Amino acid sequence: ARTHAHASPQPTSFMQNINIKTVVDSGVIVNEYATNVLQGFLDLTDLAEVVAKIILDPAPHNFARYELSAENLTVEDVARVFSAHLGRDVKAVNPPRQASGKAMAHVNLSNEFGIEALDRMLYYYDRR
């Protein structure tokens, strides 16, 4: 008999992956996959709220899978939202993969597996 509950929260892209200060300062959203791909941006506080409910009362969530998402937008759509709120143009750009090291500087990829996994994820995002 099982003695523990299992739930699988499956979040999509995080809003916090877009650095608001950088966008406001530069007028550019640098994105590592195609800027016209729909994403369901999710705020980390919303994810934390769902996970807390699962942890605090696991029984009702046993073997549940939660696909966590919000409004589906492209990064170009997000740039338009910024533009409307800032009253100036904000652009969404997708640098060539080889040139994206600076944009991904916050990601700690210490081994070949991590680098390959990130590259495959970005390749998947580009094509869906």
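The values are calculated or read from the model by the stated rules, or taken from the named source; none is laboratory data. Worth saying up front: this structure is predicted, and the values here are computed from it rather than measured. So basically every Cβ, Gly included, is an ideal-geometry build from the backbone, and we count neighbours across all protein chains shown. Surface areas here come from the heavy atoms of the whole protein model, side chains and all, with no ligands, DNA or RNA. Shrake-Rupley method; radii C 1.70, N 1.55, O 1.52, S 1.80 Å.
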### Message
At R0 = 25 Å, how high is the FRET efficiency between Tyr66 and Ala117 if r is their beta carbon distance? Nearest 0.05 is fine.
### Response
0.60
### Message
Using the Cα centre of the chain as the reference point, and only Cβ charges (+1 on K/R, -1 on D/E), how large is the resulting charge dipole? Debye, rounded to the nearest 20.
### Response
120 debye
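Can you give the % of DSSP beta bridges in the chain that are antiparallel, to the nearest 5?
Just about 20 percent of them are antiparallel.
So, with a 1.4 angstrom probe, what is the percent of accessible area on the chain that is carbon and sulfur?
56 percent
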### Message
Amide H of Lys91 versus every other amide H placed in the peptide plane: which residues, excluding those fewer than 5 positions away on the same chain, fall under 5 Å?
### Response
Val28, Ile29
### Message
Please list, in order along the range 45-55, the HN-Hα scalar couplings obtained from phi with the Karplus expression 6.51 cos²θ - 1.76 cosθ + 1.60 (θ = phi - 60°), rounded to whole Hz, x for Gly and Pro.
### Response
5, 5, 4, 4, 5, 5, 5, 4, 5, 5, 5
### Query
Given Cα pairs under 8 Å that are at least 6 residues apart, what percent is the relative contact order of the chain?
36 percent
### Query
What is the local net charge at Leu68, summed over the other residues whose Cβ is closer than 14 Å to its Cβ (Lys, Arg +1; Asp, Glu -1)?
-3
### Task
On a 0 to 90° scale, report how tilted helix 75-86 is relative to the longest principal axis of the chain, with both axes built from alpha carbons and the result rounded to the nearest 10.
70 degrees
